[in-house]
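Below is one structure, written out as C-alpha coordinates, with a few remarks after it.
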Amino acid sequence: MKKTVLFAILLMAVTSMRTMKLRTKIILALVPVFMAGAGLYGQTTVFERMFPAEDGSAYTTIILDETQNGDFILLKYLTTYSGLYKDNKIVKLSSTGEIVGELDYSGSGDRVVFWGGAVSIPTKENRNNYIALALMRDPVDIDPYQSYAYTLTELHFVLFDDNLEIIDTRTVDLSDIVKHYCPASCRVLLDTDGNLLLVSHAIGWDETQFHIYTKVELNPNSPQWFGDIIHHIDTSFNSWSLIQDFFPVGDGTYRMMDWHGSAGPVGYRVSSTFESDSLICLRENRFPWEDNCTVSIVGVDPLTSARLNDSTIIMASPMNKSHTGGSDGTWAVGPMIMDLDYHLMKADVQDAMNLDTMERTIAMHPVVSKDNHLFLCYTRGLQTWSAFERPYTVLCKYDTDLNLIWKRWYHDPERKYLYYAYDMKAANDNGILITGSCCEPLDFKRKMMLYALKVDADGLLSLPEAKMQVRPYCFYPNPVKEQMHMEFSPDVQPAQVELYDLQGRLVRLQRNAFEQIDISSLSVGTYLVRVTLKDGQVFSDKVVKE
(Lines give C-alpha, C1' and ligand atoms only; values in the text may rest on other atoms or scores of the structure.)
Protein backbone atom coordinates (compact mmCIF):
# COMPACT_ATOMS: atom_id res chain seq x y z
CA MET A 1 0.00 0.00 0.00
CA LYS A 2 2.80 2.43 0.91
CA LYS A 3 4.62 1.65 -2.31
CA THR A 4 1.45 2.28 -4.34
CA VAL A 5 0.90 5.70 -2.73
CA LEU A 6 4.55 6.65 -3.18
CA PHE A 7 4.44 5.63 -6.81
CA ALA A 8 1.29 7.76 -7.38
CA ILE A 9 2.93 10.82 -5.81
CA LEU A 10 6.07 10.39 -7.92
CA LEU A 11 3.95 9.85 -11.00
CA MET A 12 2.08 13.13 -10.43
CA ALA A 13 5.37 14.94 -9.92
CA VAL A 14 6.83 13.49 -13.10
CA THR A 15 3.77 14.31 -15.22
CA SER A 16 4.13 17.96 -14.22
CA MET A 17 7.47 18.13 -15.98
CA ARG A 18 7.59 20.18 -19.14
CA THR A 19 8.98 17.87 -21.78
CA MET A 20 7.20 14.68 -22.86
CA LYS A 21 10.51 12.99 -23.64
CA LEU A 22 11.83 13.50 -20.12
CA ARG A 23 8.53 12.38 -18.55
CA THR A 24 8.53 9.16 -20.61
CA LYS A 25 12.13 8.27 -19.68
CA ILE A 26 11.53 8.71 -15.95
CA ILE A 27 8.23 6.79 -15.94
CA LEU A 28 9.80 3.87 -17.83
CA ALA A 29 12.66 3.85 -15.32
CA LEU A 30 10.31 3.88 -12.30
CA VAL A 31 7.94 1.12 -13.39
CA PRO A 32 10.45 -1.80 -13.17
CA VAL A 33 11.53 -0.68 -9.71
CA PHE A 34 8.01 -0.85 -8.31
CA MET A 35 7.16 -3.99 -10.27
CA ALA A 36 10.22 -5.71 -8.76
CA GLY A 37 9.13 -4.68 -5.28
CA ALA A 38 5.70 -6.18 -5.85
CA GLY A 39 6.96 -9.31 -7.61
CA LEU A 40 6.80 -10.08 -11.32
CA TYR A 41 3.11 -10.94 -11.17
CA GLY A 42 2.13 -8.57 -8.36
CA GLN A 43 1.95 -9.53 -4.70
CA THR A 44 3.37 -12.96 -3.84
CA THR A 45 0.55 -15.36 -3.00
CA VAL A 46 0.72 -17.82 -0.10
CA PHE A 47 -1.47 -20.79 0.71
CA GLU A 48 -1.70 -24.03 2.66
CA ARG A 49 -3.58 -26.92 1.03
CA MET A 50 -4.34 -30.19 2.83
CA PHE A 51 -5.66 -33.10 0.79
CA PRO A 52 -7.95 -35.71 2.42
CA ALA A 53 -6.37 -38.44 4.55
CA GLU A 54 -5.88 -41.89 3.04
CA ASP A 55 -4.78 -45.25 4.42
CA GLY A 56 -1.27 -45.92 3.24
CA SER A 57 2.42 -45.65 3.85
CA ALA A 58 3.50 -42.79 1.58
CA TYR A 59 1.29 -40.14 0.06
CA THR A 60 3.67 -38.50 -2.38
CA THR A 61 3.60 -35.69 -4.92
CA ILE A 62 5.81 -34.42 -7.70
CA ILE A 63 5.63 -30.74 -8.68
CA LEU A 64 5.47 -30.79 -12.44
CA ASP A 65 5.23 -27.15 -13.44
CA GLU A 66 3.67 -23.73 -13.04
CA THR A 67 1.33 -22.70 -15.88
CA GLN A 68 1.33 -19.35 -17.62
CA ASN A 69 -1.46 -18.01 -15.36
CA GLY A 70 0.21 -19.13 -12.13
CA ASP A 71 -1.55 -22.48 -11.56
CA PHE A 72 0.54 -25.40 -10.30
CA ILE A 73 0.33 -28.94 -11.69
CA LEU A 74 1.11 -31.81 -9.32
CA LEU A 75 1.36 -35.56 -9.74
CA LYS A 76 0.23 -37.46 -6.66
CA TYR A 77 -0.13 -41.08 -5.64
CA LEU A 78 -0.54 -43.21 -2.54
CA THR A 79 1.57 -46.25 -1.70
CA THR A 80 -0.39 -48.77 0.38
CA TYR A 81 1.02 -51.42 2.68
CA SER A 82 0.03 -54.13 0.22
CA GLY A 83 2.53 -52.51 -2.12
CA LEU A 84 -0.11 -51.07 -4.46
CA TYR A 85 -0.42 -47.54 -5.75
CA LYS A 86 -3.80 -45.86 -5.81
CA ASP A 87 -5.43 -42.44 -5.95
CA ASN A 88 -3.07 -41.59 -8.79
CA LYS A 89 -4.09 -38.20 -10.07
CA ILE A 90 -2.82 -35.17 -11.88
CA VAL A 91 -4.00 -32.15 -9.88
CA LYS A 92 -4.05 -28.47 -10.77
CA LEU A 93 -3.92 -25.92 -7.96
CA SER A 94 -4.64 -22.24 -8.45
CA SER A 95 -2.20 -19.55 -7.32
CA THR A 96 -4.21 -19.39 -4.07
CA GLY A 97 -4.16 -23.16 -3.47
CA GLU A 98 -7.66 -24.07 -4.68
CA ILE A 99 -8.12 -27.32 -6.60
CA VAL A 100 -9.20 -26.19 -10.07
CA GLY A 101 -8.74 -29.46 -11.96
CA GLU A 102 -8.08 -33.18 -11.54
CA LEU A 103 -7.21 -35.93 -14.00
CA ASP A 104 -7.57 -39.48 -12.68
CA TYR A 105 -5.35 -41.73 -14.78
CA SER A 106 -5.71 -45.42 -13.93
CA GLY A 107 -4.50 -46.94 -17.15
CA SER A 108 -6.34 -49.91 -18.60
CA GLY A 109 -8.44 -52.43 -16.71
CA ASP A 110 -7.47 -53.12 -13.11
CA ARG A 111 -3.80 -52.26 -13.50
CA VAL A 112 -2.24 -49.81 -11.07
CA VAL A 113 -0.12 -46.76 -11.65
CA PHE A 114 3.11 -45.32 -10.29
CA TRP A 115 4.15 -41.87 -11.49
CA GLY A 116 7.73 -42.18 -12.70
CA GLY A 117 8.25 -38.53 -13.55
CA ALA A 118 7.14 -35.83 -15.96
CA VAL A 119 8.34 -33.00 -18.18
CA SER A 120 6.78 -29.81 -19.55
CA ILE A 121 6.91 -28.91 -23.23
CA PRO A 122 6.60 -25.25 -24.30
CA THR A 123 4.30 -24.64 -27.26
CA LYS A 124 3.92 -21.80 -29.76
CA GLU A 125 0.59 -20.80 -28.24
CA ASN A 126 2.31 -19.44 -25.11
CA ARG A 127 1.02 -22.47 -23.19
CA ASN A 128 2.58 -25.70 -22.06
CA ASN A 129 1.83 -29.32 -22.76
CA TYR A 130 3.03 -31.99 -20.37
CA ILE A 131 4.08 -35.61 -20.55
CA ALA A 132 3.73 -37.82 -17.49
CA LEU A 133 5.28 -41.28 -17.30
CA ALA A 134 2.96 -43.86 -15.73
CA LEU A 135 4.46 -47.23 -14.78
CA MET A 136 1.99 -50.13 -14.78
CA ARG A 137 1.81 -53.50 -13.09
CA ASP A 138 -0.77 -56.07 -12.04
CA PRO A 139 -2.49 -55.53 -8.63
CA VAL A 140 -1.08 -58.60 -6.88
CA ASP A 141 -0.49 -58.86 -3.14
CA ILE A 142 3.20 -58.59 -2.33
CA ASP A 143 5.53 -57.93 0.54
CA PRO A 144 6.28 -54.18 0.19
CA TYR A 145 9.73 -54.69 1.69
CA GLN A 146 10.72 -57.06 -1.13
CA SER A 147 11.30 -54.56 -3.89
CA TYR A 148 11.41 -57.03 -6.76
CA ALA A 149 8.67 -59.45 -5.67
CA TYR A 150 6.57 -58.23 -8.61
CA THR A 151 7.11 -57.41 -12.26
CA LEU A 152 6.89 -53.91 -13.65
CA THR A 153 7.37 -53.95 -17.40
CA GLU A 154 4.87 -51.54 -18.95
CA LEU A 155 5.41 -47.83 -19.56
CA HIS A 156 2.58 -45.42 -20.35
CA PHE A 157 3.26 -41.94 -21.70
CA VAL A 158 0.39 -39.52 -21.12
CA LEU A 159 0.42 -36.22 -23.01
CA PHE A 160 -1.96 -33.60 -21.63
CA ASP A 161 -2.41 -29.83 -21.76
CA ASP A 162 -2.66 -27.25 -18.97
CA ASN A 163 -6.43 -27.81 -18.84
CA LEU A 164 -5.67 -31.45 -17.94
CA GLU A 165 -7.14 -32.69 -21.23
CA ILE A 166 -5.41 -35.81 -22.60
CA ILE A 167 -3.98 -35.20 -26.08
CA ASP A 168 -2.22 -38.48 -26.77
CA THR A 169 -1.01 -41.64 -25.03
CA ARG A 170 1.54 -44.32 -25.85
CA THR A 171 2.17 -47.71 -24.25
CA VAL A 172 5.58 -49.39 -24.33
CA ASP A 173 5.88 -53.06 -23.37
CA LEU A 174 9.33 -53.89 -21.99
CA SER A 175 8.53 -57.47 -20.97
CA ASP A 176 10.92 -58.90 -23.56
CA ILE A 177 13.76 -56.86 -22.04
CA VAL A 178 13.18 -56.43 -18.31
CA LYS A 179 11.53 -58.19 -15.40
CA HIS A 180 11.39 -55.07 -13.28
CA TYR A 181 11.74 -51.41 -14.27
CA CYS A 182 12.79 -49.64 -11.06
CA PRO A 183 10.51 -46.59 -10.60
CA ALA A 184 12.55 -45.02 -7.79
CA SER A 185 15.56 -44.97 -10.12
CA CYS A 186 13.77 -43.44 -13.13
CA ARG A 187 14.68 -40.02 -14.54
CA VAL A 188 12.68 -38.28 -17.29
CA LEU A 189 13.84 -35.29 -19.36
CA LEU A 190 13.88 -33.68 -22.79
CA ASP A 191 17.15 -34.06 -24.67
CA THR A 192 18.77 -31.25 -26.66
CA ASP A 193 16.82 -32.31 -29.79
CA GLY A 194 13.47 -32.03 -28.00
CA ASN A 195 12.90 -35.76 -27.71
CA LEU A 196 11.79 -37.57 -24.58
CA LEU A 197 14.55 -39.45 -22.78
CA LEU A 198 14.21 -41.90 -19.90
CA VAL A 199 16.91 -43.65 -17.92
CA SER A 200 16.35 -46.20 -15.17
CA HIS A 201 17.94 -49.09 -13.39
CA ALA A 202 16.31 -52.39 -14.33
CA ILE A 203 16.46 -56.12 -13.61
CA GLY A 204 16.39 -58.74 -16.36
CA TRP A 205 14.61 -62.08 -16.30
CA ASP A 206 17.97 -63.76 -15.63
CA GLU A 207 18.35 -61.45 -12.57
CA THR A 208 21.12 -59.40 -14.20
CA GLN A 209 21.00 -55.69 -13.45
CA PHE A 210 21.59 -52.89 -15.91
CA HIS A 211 20.68 -49.36 -16.96
CA ILE A 212 18.13 -48.94 -19.73
CA TYR A 213 17.86 -45.76 -21.80
CA THR A 214 14.65 -45.14 -23.75
CA LYS A 215 14.42 -42.34 -26.32
CA VAL A 216 10.98 -41.40 -27.65
CA GLU A 217 10.75 -39.21 -30.74
CA LEU A 218 8.23 -36.38 -30.27
CA ASN A 219 6.27 -34.93 -33.21
CA PRO A 220 4.48 -31.78 -31.93
CA ASN A 221 3.02 -30.99 -35.38
CA SER A 222 1.52 -34.44 -35.87
CA PRO A 223 -1.81 -35.83 -34.53
CA GLN A 224 0.32 -38.59 -33.00
CA TRP A 225 2.91 -36.95 -30.83
CA PHE A 226 4.80 -40.11 -29.90
CA GLY A 227 7.01 -41.43 -32.70
CA ASP A 228 9.80 -43.98 -32.92
CA ILE A 229 11.18 -45.51 -29.73
CA ILE A 230 14.77 -46.70 -29.29
CA HIS A 231 16.13 -48.67 -26.29
CA HIS A 232 19.77 -48.91 -25.26
CA ILE A 233 21.03 -51.20 -22.48
CA ASP A 234 24.21 -50.49 -20.52
CA THR A 235 25.32 -53.73 -18.83
CA SER A 236 28.27 -52.17 -16.98
CA PHE A 237 25.99 -51.62 -13.96
CA ASN A 238 25.51 -55.26 -12.98
CA SER A 239 24.81 -54.57 -9.32
CA TRP A 240 22.21 -52.74 -7.28
CA SER A 241 22.14 -49.04 -8.14
CA LEU A 242 19.91 -45.98 -7.80
CA ILE A 243 20.10 -43.25 -10.43
CA GLN A 244 19.88 -40.01 -8.50
CA ASP A 245 20.63 -37.33 -11.08
CA PHE A 246 20.72 -37.13 -14.87
CA PHE A 247 21.00 -34.04 -17.07
CA PRO A 248 22.32 -32.99 -20.51
CA VAL A 249 25.33 -30.73 -21.03
CA GLY A 250 26.12 -28.53 -24.03
CA ASP A 251 28.43 -30.93 -25.90
CA GLY A 252 25.71 -33.54 -26.51
CA THR A 253 26.74 -35.71 -23.56
CA TYR A 254 25.03 -36.25 -20.22
CA ARG A 255 26.03 -36.37 -16.60
CA MET A 256 24.64 -38.95 -14.25
CA MET A 257 24.96 -39.60 -10.54
CA ASP A 258 24.32 -43.16 -9.48
CA TRP A 259 24.34 -44.79 -6.04
CA HIS A 260 26.33 -47.80 -7.15
CA GLY A 261 26.52 -50.72 -4.71
CA SER A 262 29.02 -50.27 -1.89
CA ALA A 263 30.83 -47.44 -3.72
CA GLY A 264 28.13 -44.94 -2.80
CA PRO A 265 27.36 -41.97 -5.08
CA VAL A 266 29.44 -42.04 -8.26
CA GLY A 267 29.43 -39.43 -11.03
CA TYR A 268 29.44 -40.57 -14.68
CA ARG A 269 29.82 -39.05 -18.11
CA VAL A 270 27.31 -40.58 -20.54
CA SER A 271 27.96 -40.22 -24.26
CA SER A 272 25.36 -39.38 -26.91
CA THR A 273 25.24 -43.12 -27.66
CA PHE A 274 24.68 -43.87 -23.95
CA GLU A 275 28.07 -45.33 -23.12
CA SER A 276 29.13 -44.38 -19.57
CA ASP A 277 32.52 -43.56 -18.07
CA SER A 278 33.13 -43.11 -14.35
CA LEU A 279 34.22 -39.59 -13.40
CA ILE A 280 34.50 -39.53 -9.62
CA CYS A 281 33.33 -41.24 -6.48
CA LEU A 282 31.60 -38.43 -4.64
CA ARG A 283 32.76 -39.77 -1.28
CA GLU A 284 36.18 -38.49 -2.33
CA ASN A 285 34.73 -34.96 -2.37
CA ARG A 286 36.00 -33.87 1.04
CA PHE A 287 36.20 -30.33 2.27
CA PRO A 288 37.48 -28.78 5.53
CA TRP A 289 35.22 -28.24 8.50
CA GLU A 290 35.89 -27.29 12.12
CA ASP A 291 38.53 -28.81 14.44
CA ASN A 292 40.79 -30.04 11.63
CA CYS A 293 38.04 -32.35 10.37
CA THR A 294 36.67 -32.95 6.91
CA VAL A 295 33.18 -33.60 5.63
CA SER A 296 32.43 -36.19 2.96
CA ILE A 297 29.31 -36.64 0.87
CA VAL A 298 27.24 -39.58 2.02
CA GLY A 299 24.27 -39.35 -0.31
CA VAL A 300 22.02 -41.76 1.55
CA ASP A 301 18.94 -39.90 0.37
CA PRO A 302 18.21 -38.85 -3.23
CA LEU A 303 20.74 -36.44 -4.68
CA THR A 304 19.51 -34.11 -7.39
CA SER A 305 21.03 -31.00 -8.87
CA ALA A 306 19.95 -27.62 -10.18
CA ARG A 307 21.87 -25.74 -12.85
CA LEU A 308 23.38 -22.54 -11.47
CA ASN A 309 24.83 -21.51 -14.84
CA ASP A 310 26.32 -23.14 -17.94
CA SER A 311 29.36 -24.46 -16.09
CA THR A 312 28.24 -25.21 -12.52
CA ILE A 313 25.51 -27.06 -10.68
CA ILE A 314 24.06 -26.86 -7.18
CA MET A 315 23.63 -30.07 -5.24
CA ALA A 316 22.52 -30.95 -1.70
CA SER A 317 23.41 -34.04 0.27
CA PRO A 318 23.72 -35.51 3.75
CA MET A 319 27.36 -35.31 4.82
CA ASN A 320 29.47 -37.15 7.36
CA LYS A 321 32.11 -35.47 9.57
CA SER A 322 35.38 -37.41 9.74
CA HIS A 323 38.58 -37.21 11.77
CA THR A 324 41.84 -38.81 10.69
CA GLY A 325 40.80 -41.93 12.55
CA GLY A 326 37.36 -42.12 10.92
CA SER A 327 33.85 -40.81 11.35
CA ASP A 328 32.70 -39.48 14.73
CA GLY A 329 29.02 -40.06 13.93
CA THR A 330 28.18 -36.41 13.22
CA TRP A 331 25.94 -35.81 10.23
CA ALA A 332 25.03 -32.59 8.46
CA VAL A 333 23.33 -31.34 5.35
CA GLY A 334 24.14 -28.48 3.03
CA PRO A 335 24.38 -27.14 -0.52
CA MET A 336 27.44 -27.61 -2.71
CA ILE A 337 28.61 -25.91 -5.88
CA MET A 338 30.20 -28.35 -8.35
CA ASP A 339 31.45 -28.20 -11.87
CA LEU A 340 29.76 -30.32 -14.53
CA ASP A 341 32.07 -33.23 -13.72
CA TYR A 342 30.93 -33.26 -10.05
CA HIS A 343 34.16 -31.78 -8.69
CA LEU A 344 33.48 -29.83 -5.51
CA MET A 345 34.10 -26.08 -5.67
CA LYS A 346 32.35 -24.74 -2.56
CA ALA A 347 30.06 -26.05 0.19
CA ASP A 348 28.11 -24.94 3.24
CA VAL A 349 27.24 -27.00 6.31
CA GLN A 350 23.88 -26.75 8.07
CA ASP A 351 22.35 -28.64 10.99
CA ALA A 352 25.23 -30.77 12.23
CA MET A 353 24.05 -33.38 14.72
CA ASN A 354 25.21 -36.60 16.31
CA LEU A 355 23.62 -39.93 15.56
CA ASP A 356 23.76 -40.79 19.27
CA THR A 357 20.74 -38.49 19.66
CA MET A 358 19.08 -40.37 16.78
CA GLU A 359 18.70 -37.15 14.87
CA ARG A 360 19.35 -36.92 11.16
CA THR A 361 18.65 -34.75 8.16
CA ILE A 362 16.98 -35.75 4.92
CA ALA A 363 18.19 -33.73 1.96
CA MET A 364 15.87 -32.15 -0.55
CA HIS A 365 16.13 -30.77 -4.04
CA PRO A 366 17.89 -27.41 -4.34
CA VAL A 367 16.21 -24.89 -6.64
CA VAL A 368 17.31 -21.60 -8.18
CA SER A 369 14.65 -18.86 -8.19
CA LYS A 370 13.84 -16.36 -10.93
CA ASP A 371 15.83 -13.67 -9.09
CA ASN A 372 18.88 -16.02 -8.99
CA HIS A 373 18.79 -17.09 -5.35
CA LEU A 374 19.36 -20.63 -4.14
CA PHE A 375 16.80 -22.37 -1.94
CA LEU A 376 17.41 -25.60 -0.06
CA CYS A 377 14.67 -27.50 1.76
CA TYR A 378 15.12 -30.55 3.99
CA THR A 379 13.52 -32.41 6.87
CA ARG A 380 15.19 -33.05 10.21
CA GLY A 381 14.12 -35.17 13.15
CA LEU A 382 14.61 -38.45 14.95
CA GLN A 383 15.70 -41.50 13.00
CA THR A 384 13.30 -43.80 14.86
CA TRP A 385 10.94 -44.81 12.09
CA SER A 386 8.19 -45.85 14.52
CA ALA A 387 8.19 -42.31 15.92
CA PHE A 388 9.88 -39.88 13.56
CA GLU A 389 9.67 -37.30 16.30
CA ARG A 390 7.98 -34.10 15.09
CA PRO A 391 10.59 -33.11 12.53
CA TYR A 392 11.09 -29.58 11.33
CA THR A 393 10.86 -28.80 7.65
CA VAL A 394 13.68 -26.32 7.06
CA LEU A 395 13.94 -23.83 4.20
CA CYS A 396 17.20 -21.93 3.60
CA LYS A 397 17.86 -19.05 1.21
CA TYR A 398 21.37 -18.42 -0.15
CA ASP A 399 23.01 -16.13 -2.62
CA THR A 400 25.00 -17.70 -5.45
CA ASP A 401 28.19 -17.64 -3.34
CA LEU A 402 26.47 -19.84 -0.70
CA ASN A 403 26.12 -17.04 1.83
CA LEU A 404 23.12 -17.91 4.00
CA ILE A 405 20.55 -15.08 3.86
CA TRP A 406 17.83 -16.56 6.06
CA LYS A 407 16.53 -19.80 7.47
CA ARG A 408 12.92 -20.77 8.30
CA TRP A 409 11.59 -23.67 10.35
CA TYR A 410 8.08 -25.11 9.75
CA HIS A 411 6.26 -27.45 12.11
CA ASP A 412 2.91 -28.24 13.73
CA PRO A 413 2.51 -26.08 16.87
CA GLU A 414 0.03 -28.58 18.36
CA ARG A 415 2.56 -31.39 17.92
CA LYS A 416 -0.15 -33.51 16.34
CA TYR A 417 1.17 -34.03 12.83
CA LEU A 418 4.47 -35.15 11.42
CA TYR A 419 5.41 -33.22 8.26
CA TYR A 420 7.75 -34.72 5.68
CA ALA A 421 8.75 -32.62 2.64
CA TYR A 422 9.13 -34.34 -0.75
CA ASP A 423 9.49 -31.70 -3.44
CA MET A 424 9.96 -27.97 -3.95
CA LYS A 425 9.66 -25.40 -6.76
CA ALA A 426 10.51 -21.70 -7.08
CA ALA A 427 7.39 -19.90 -8.32
CA ASN A 428 7.30 -17.11 -10.88
CA ASP A 429 6.44 -14.55 -8.16
CA ASN A 430 9.63 -15.56 -6.25
CA GLY A 431 7.62 -17.51 -3.68
CA ILE A 432 8.41 -21.16 -2.89
CA LEU A 433 6.03 -24.12 -3.19
CA ILE A 434 6.78 -27.10 -0.93
CA THR A 435 4.85 -30.38 -1.12
CA GLY A 436 4.96 -33.48 1.03
CA SER A 437 2.95 -35.68 3.37
CA CYS A 438 1.87 -35.41 6.99
CA CYS A 439 0.32 -37.81 9.47
CA GLU A 440 -0.05 -38.48 13.16
CA PRO A 441 3.19 -39.78 14.73
CA LEU A 442 3.95 -42.94 16.71
CA ASP A 443 2.23 -45.39 14.34
CA PHE A 444 3.75 -45.67 10.89
CA LYS A 445 0.71 -47.56 9.55
CA ARG A 446 -1.63 -44.61 9.60
CA LYS A 447 -3.74 -42.28 7.53
CA MET A 448 -1.58 -39.87 5.60
CA MET A 449 -2.39 -36.51 4.06
CA LEU A 450 -0.74 -34.71 1.21
CA TYR A 451 0.02 -31.02 1.74
CA ALA A 452 1.08 -28.16 -0.51
CA LEU A 453 2.59 -25.09 1.13
CA LYS A 454 3.28 -21.85 -0.75
CA VAL A 455 5.36 -19.30 1.17
CA ASP A 456 6.45 -15.84 0.09
CA ALA A 457 9.92 -14.71 -0.97
CA ASP A 458 10.92 -14.33 2.71
CA GLY A 459 9.74 -17.85 3.58
CA LEU A 460 6.72 -16.53 5.51
CA LEU A 461 3.16 -17.87 5.58
CA SER A 462 0.83 -15.00 6.43
CA LEU A 463 -2.28 -17.08 7.07
CA PRO A 464 -3.92 -16.70 10.51
CA GLU A 465 -5.53 -20.18 10.43
CA ALA A 466 -2.60 -22.12 8.98
CA LYS A 467 -1.86 -25.53 10.54
CA MET A 468 1.84 -25.11 9.77
CA GLN A 469 3.80 -22.69 11.95
CA VAL A 470 6.75 -20.67 10.64
CA ARG A 471 9.61 -19.58 12.88
CA PRO A 472 12.93 -17.75 12.30
CA TYR A 473 14.46 -20.07 14.91
CA CYS A 474 14.20 -23.63 16.20
CA PHE A 475 14.79 -25.39 19.49
CA TYR A 476 15.53 -29.05 20.03
CA PRO A 477 15.18 -31.70 21.26
CA ASN A 478 11.51 -31.66 22.20
CA PRO A 479 10.83 -33.41 24.58
CA VAL A 480 14.05 -32.40 26.38
CA LYS A 481 15.72 -33.73 29.51
CA GLU A 482 18.52 -31.30 30.38
CA GLN A 483 19.79 -28.96 27.64
CA MET A 484 17.56 -27.14 25.16
CA HIS A 485 19.47 -26.06 22.06
CA MET A 486 18.40 -23.06 19.99
CA GLU A 487 19.36 -21.80 16.55
CA PHE A 488 18.37 -18.46 15.00
CA SER A 489 18.20 -17.34 11.38
CA PRO A 490 20.97 -14.87 10.43
CA ASP A 491 18.39 -12.21 9.49
CA VAL A 492 17.07 -11.90 13.08
CA GLN A 493 18.65 -11.03 16.44
CA PRO A 494 17.33 -12.57 19.66
CA ALA A 495 16.79 -10.31 22.68
CA GLN A 496 15.67 -12.84 25.28
CA VAL A 497 14.14 -16.28 25.82
CA GLU A 498 11.68 -16.88 28.68
CA LEU A 499 10.19 -20.10 29.99
CA TYR A 500 6.87 -20.07 31.86
CA ASP A 501 5.07 -22.92 33.62
CA LEU A 502 1.38 -23.55 32.95
CA GLN A 503 0.49 -21.30 35.93
CA GLY A 504 2.13 -18.37 34.15
CA ARG A 505 5.17 -18.16 36.45
CA LEU A 506 8.54 -17.22 34.93
CA VAL A 507 10.94 -20.12 35.61
CA ARG A 508 13.86 -19.29 33.28
CA LEU A 509 15.15 -16.10 31.63
CA GLN A 510 18.05 -16.09 29.16
CA ARG A 511 19.43 -12.94 27.54
CA ASN A 512 22.57 -14.36 25.95
CA ALA A 513 24.23 -17.69 25.08
CA PHE A 514 21.03 -18.86 23.42
CA GLU A 515 22.69 -21.84 21.79
CA GLN A 516 22.18 -23.92 24.94
CA ILE A 517 19.68 -23.36 27.75
CA ASP A 518 19.94 -25.50 30.88
CA ILE A 519 16.52 -26.68 32.10
CA SER A 520 17.71 -29.70 34.07
CA SER A 521 16.47 -28.19 37.36
CA LEU A 522 12.89 -27.76 36.11
CA SER A 523 10.15 -30.20 37.05
CA VAL A 524 8.74 -32.62 34.51
CA GLY A 525 5.92 -31.04 32.53
CA THR A 526 4.98 -28.66 29.70
CA TYR A 527 6.37 -25.11 29.52
CA LEU A 528 5.68 -22.06 27.40
CA VAL A 529 8.72 -20.76 25.50
CA ARG A 530 8.49 -17.03 24.77
CA VAL A 531 11.09 -15.70 22.30
CA THR A 532 11.57 -11.94 21.87
CA LEU A 533 13.61 -10.52 18.98
CA LYS A 534 15.40 -7.17 19.02
CA ASP A 535 13.02 -5.79 16.40
CA GLY A 536 10.13 -6.36 18.84
CA GLN A 537 8.67 -9.55 17.36
CA VAL A 538 7.46 -12.05 19.96
CA PHE A 539 6.85 -15.77 19.40
CA SER A 540 5.43 -18.44 21.70
CA ASP A 541 5.99 -22.20 21.60
CA LYS A 542 5.70 -25.19 23.92
CA VAL A 543 8.41 -27.49 25.17
CA VAL A 544 8.02 -30.70 27.15
CA LYS A 545 10.49 -31.40 29.98
CA GLU A 546 11.03 -35.10 30.67
| message | Of the conditions (1) in contact with a Lys or Arg (Cβ under 8 Å, 6 or more places away or on another chain); (2) more than 24 Å from Asp173 (Cβ to Cβ); (3) at pLDDT below 75, Arg111 satisfies every one except a single condition; which number is it? | response | (2)
| field | Residues being assigned to a strand (DSSP E or B) and within 22 Å of the chain's Cα centre (by Cα) - total across the stretch 472-486 | value | 2
| Pro477 vs. criteria under 21 Å from Glu414 (Cβ atoms) and without any contact (Cβ under 8 Å) to a residue 24 or more places away in the chain | no
| Does the stretch 190-203 hold any residues that are under 15 Å from His232 (Cβ atoms) and either part of a strand (DSSP E or B) or touching a Ser or Thr at 6+ places or on another chain (Cβ under 6 Å) (or both), and which are they? | Leu196, Leu197, Leu198, Val199, Ser200, His201, Ala202
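Every residue, every condition in (1) surrounded by 13 or more Cβ atoms within 10 Å (Cβ to Cβ); (2) hydrophobic (A, V, I, L, M, F, W, C), yes or no:
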site: Thr208; (1), (2): yes, no
site: Thr214; (1), (2): yes, no
site: Leu218; (1), (2): yes, yes
site: Ile230; (1), (2): no, yes
site: Ile233; (1), (2): yes, yes
site: Pro248; (1), (2): yes, no
site: Gly252; (1), (2): no, no
site: Arg269; (1), (2): yes, no
site: Ser278; (1), (2): yes, no
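Listed here are the residues, each with its yes/no results for (1) at pLDDT 50 or above; (2) within 20 Å of His201 (Cβ to Cβ); (3) buried (at least 18 other Cβ atoms within 10 Å of the Cβ); (4) over 29 Å from the mean Cα position of the chain (by Cα).
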site: His156; (1), (2), (3), (4): yes, yes, yes, no
site: Phe160; (1), (2), (3), (4): yes, no, yes, no
site: Glu165; (1), (2), (3), (4): yes, no, no, no
site: Asp173; (1), (2), (3), (4): yes, yes, no, yes
site: Ile177; (1), (2), (3), (4): yes, yes, no, yes
| note | Taking the stretch 490-524 and keeping residues within 27 Å of Tyr410 (Cβ to Cβ), at pLDDT below 95 and small (Gly, Ala, Ser) leaves Ala513
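Of all residues in the stretch 123-141, which are at pLDDT 60 or above and surrounded by 13 or more Cβ atoms within 10 Å (Cβ to Cβ)?
Of the stretch 123-141, the ones at pLDDT 60 or above are 123-136.
Passing the criteria: Arg127, Asn128, Asn129, Tyr130, Ile131, Ala132, Leu133, Ala134, Leu135, Met136.
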| request: For Asp491, state whether it is of a type in the set (Asp, Glu) and either touching a strand residue (DSSP E or B) at 6+ places or on another chain (Cβ under 6 Å) or in a strand (DSSP E or B) (or both). | output: yes
| From the list Leu382, Leu402, which one is more than 24 Å from Ile280 (Cα to Cα) and either aliphatic (A, V, I, L, M) or at pLDDT below 85 (or both)? | Leu382
| field | Selection count, the stretch 225-283, where residues are in contact with a Leu (Cβ under 8 Å, 6 or more places away or on another chain) and of a type in the set (Gly, Ala, Ser) | value | 3
| Looking at (1) free of Cβ contacts under 8 Å to residues at least 40 places away in the same chain; (2) surrounded by fewer than 11 Cβ atoms within 10 Å (Cβ to Cβ), which is the only condition Glu546 fails? | (1)
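I need a count of the residues in the stretch 439-468 that are modelled with pLDDT of 75 or more, closer than 17 Å to Leu75 by Cα and hydrophobic (A, V, I, L, M, F, W, C). Working first, answer last.
First pass over the stretch 439-468, keeping only residues modelled with pLDDT of 75 or more: 449-468.
Going one step further and asking which of them are closer than 17 Å to Leu75 by Cα, we end up with 449-454.
Those still in the list that are hydrophobic (A, V, I, L, M, F, W, C) too: 449-450, 452-453.
So the answer is 4.
Any idea which of Gly459, Gly436 is in contact with a Lys or Arg (Cβ under 6 Å, 6 or more places away or on another chain) and within 21 Å of Phe47 (Cβ to Cβ)?
Gly459 is the lone residue from the list that is in contact with a Lys or Arg (Cβ under 6 Å, 6 or more places away or on another chain) and within 21 Å of Phe47 (Cβ to Cβ).
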| task | Select from the stretch 329-352 the residues that are at pLDDT below 65, surrounded by fewer than 19 Cβ atoms within 10 Å (Cβ to Cβ) and within 18 Å of Cys474 (Cα to Cα) and list them in ascending order. | result | Ala352
| field | Given (1) closer than 27 Å to Thr96 by Cα; (2) within 25 Å of the chain's Cα centre (by Cα); (3) touching a residue at least 40 places away in the same chain (Cβ under 8 Å), index of the condition Glu465 fails | value | (3)
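The values are calculated or read from the model by the stated rules, or taken from the named source; none is laboratory data. Just so we're clear, the structure is a prediction, and the values are computed from it rather than from any experiment. Every residue, glycine as well, gets a Cβ built from its backbone with ideal geometry; the counts of neighbours run over all protein chains shown.
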